[in-house]
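Novice: If you scroll down you'll find the structure; I have some questions about it.
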Amino acid sequence: MTALASYSTGTVSVASGGTTVTGVGAIWSDANARPGDILQIGNFQSVITDKTDTTHLVIPPWGGGAQVGVAYKIWQVSPQRFAGAEAMATVNKLVAALDAREIPIVVGDDETEPDPSLGEESQTAIQPATGKVWVMTGGVWVFLGIYKAFRPRGAYDNAATYYYGDVQTTSGSSYIYINETPSAGHGAPNATYWELLAAKGDPGSTGATGAGYGGTSATSRTIGTGSQAFATQAGLAYQNGARVRATSNSDTTKWMEGVATYSGTALTIAVDNINGSGTFADWNFNIAGQVGTAVGALLAANNLADVADIAAAFRNLGGFDLSTVVNLTAASTLTASAFGKLHFITGTAAFATTLPTPVGNAGKLIGFIVGAVASASKLFTLTTPAGAIGRSGSSIVMWANESVLLRSNGSDWEVLQSKQIPFVGSLSTTTDGAISATFTACQLTTPSGDRTGLNLAYDATNKTFKAPRTSSYQFNGYAYQTQTGGTSTNQMQLVVSGGALGGVYSWTGSVNAGTIYGSALFSVNAGQNVLMLGRGDGSSPKFAASLVPAYLDYAEMCPSW
């Protein structure tokens, strides 16, 4: 036989006489706990009457004393778990409904009345297609009538089949289908099938013609501002205060307009706007729109000179405004108000500026220029909160006298134009430092040839070249090296941050000493240190610092924007 299934994960708590059981660590899903299951704590059991959520059960008043955080077991014996229980509940409901005669007999479309063998006393039968209703009385189906709501069908269609209660329109009148038998091809007003529901009304009488605008005048007037009086027709629709334009019939480009007063046959215009010049006696009148004022209106003759802020309007139209410059001297996050503006970066401390997002701002422009060495003696970074800047990734590094113009393409910042000044310089030494028996690092202690004069590519702590920004750099190394105990050639190598950067550069001279040199182009990430190493197969390779200094020349070849 199969053992009873149970569930006992977590602990439970219940008050003495309490009706709510709280679980900790338990997950009382429908699979784990149902009404009708048995809850057992120690030697006491109780029926689960309900489950409010996955950690609370409802039981009759608990008689096993207060329990706090104790073990438990749910015996899964609820009738709801047995196959067919829910189906039987549904069947019981249907049987009850039949006993109460709540379910009507359905009559098929091809039948004329209910089957006489079906139904019980007082039970109803319906035919959905026609809306007919019967009731069982004395063992016989008795027809009660047709109960069907109106069904609008639009304009009459001679090919369509109509049923009792259908409503259609013919020649502007509405008709309802009244025949018990559905049919097609019987148009209204056939009284066998249709009854008038709403008749089309008769046309009303034509109203009197109202006053209109327009009008003409043969009064001779010279185009000009001020009060202009005209003799015209009576009965026009103009009201005092209306704005009226008087236009020459012979030359419609000649007109004058303003606020008018009208009485009888006299129309007087306080002219404040004109076009053209001359004297005319063939005027046509029409209603005119109010001319805008200096605030909120643009006049074609002013060529946009009447906007409140010309520079802002230019930027809003997608232009790049050079009339004003925004100074940047510290870290900042720019907003949409920065679009179309030139930003001037200065400072003696490095800082980063966050651009507005390019996303959703396609066509917007923004520009930056860094001051001269005297006012901008550090490296400055532009970062984007979304997308990329040019081909450099999410940021670019700038230094003195560099500039860039950026345009959003809707997802990234494109570099439209830039001025980039490569980092060029030389580092030399008169000392070295042993790294191992095989490698000796050149201690580059003297920067020179740096066009910035700021040594932005020199790491004084590690005495190495330090890349100011991610880019490609050309390196030329030269030194005189001595070595003891070696049996093969000495070499020189460039490494970045302790790992081989690439390439080994040989020397010319004797086995134990000689001049070593090399030249190569490398891509270096911003902030990485580049070391010049002497390499030999003996012990203690050493640069002959007391004889010939070592040099490492560098030149940025391809800035990454």
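Novice: With a 1.4 Å probe and all protein chains left in place, how much of the accessible area of segment 138-273 comes from carbon and sulfur atoms, in whole percent?
Specialist: That fraction is 51 percent.
Novice: Could I ask something else about it? Where does segment 379-419 land on Rg(C-alpha)/(2.2 N^0.38 Å)?
Specialist: Taking the Cα Rg and dividing by 2.2 N^0.38 Å, one obtains 1.10.
Novice: For segment 317-362, what is the largest minus smallest coordinate of the Cα atoms on each principal axis, given in angstrom and ordered from greatest to least?
Specialist: 35, 26, 11
Novice: Roughly how far apart, in whole Å, are the Cα centres of segment 366-402 and segment 447-479?
Specialist: 19 Å
Novice: Quick check: pseudo-label points 7 Å beyond the Cα along Cα→Cβ at ASP115 and ARG153, how many nm apart are they?
Specialist: 3.1 nm
Novice: Right, something else. Among all the lysines, which ones have a C-alpha under 28 Å from LYS148's C-alpha, if same-chain residues fewer than 8 places away are not counted?
Specialist: Partners within reach: LYS132, LYS200.
Novice: Further question: Farthest toward the dipole's positive end in segment 326-456, which of THR329, TRP399, ALA349, given Cβ charges of +1 (Lys, Arg) and -1 (Asp, Glu) about the Cα centre?
Specialist: Final value for the positive-end residue is THR329.
Novice: Any idea what diffusion coefficient segment 1-56 gets from Stokes-Einstein, in µm²/s, Kirkwood Rh on alpha carbon pairs, 10 °C, 1.306 mPa s?
Specialist: 132 µm²/s
Novice: If packing is taken as the average count of other Cβ atoms within 10 Å, what order do 189-195, 525-531 fall into, highest mean first?
Specialist: 525-531, 189-195
Novice: Before I look further, what does segment 309-467 give for accessible area per residue, probe 1.4 Å, in whole square angstrom?
Specialist: Ligands and nucleic acids excluded, the figure is 44 Å² per residue.
Novice: What ³J(HN,Hα) values, in whole Hz, does the Karplus curve 6.51 cos²θ - 1.76 cosθ + 1.60 give for segment 59-65 when θ = phi - 60°, with x put for Gly and Pro?
Specialist: 9, x, x, 6, x, x, x
Novice: Want the number for THR209 to ASP309: 0.36 nm per residue separation, take away the alpha-carbon distance, what's left?
Specialist: Taking 0.36 nm per residue and subtracting the Cα distance, the gain is 31.0 nm.
Novice: Write down, largest first, the equivalent ellipsoid semi-axes of segment 114-268 in whole Å, where each equals the square root of 5 times an eigenvalue of the alpha-carbon gyration tensor.
Specialist: The answer is 75, 16, 14 Å, longest axis first.
Novice: Determine, for each peptide in 52-62, 356-366, the mean count of other beta carbons within 10 angstrom over its residues, then list the peptides with the highest first.
Specialist: 356-366, 52-62
Novice: Which lysines, if any, have their Cα less than 24 Å from the Cα of LYS364, not counting same-chain residues under 8 positions apart?
Specialist: LYS341, LYS419
The values are calculated or read from the model by the stated rules, or taken from the named source; none is laboratory data. Remember, predicted model here, so these are calculated numbers, not experimental data. Reconstructed Cβ throughout: ideal geometry from the backbone, glycine too, with neighbour counts over all protein chains shown. Note: accessible area is taken over every heavy atom of the protein model, side chains too, but ligands, DNA and RNA are not part of it. Shrake-Rupley method; radii C 1.70, N 1.55, O 1.52, S 1.80 Å.
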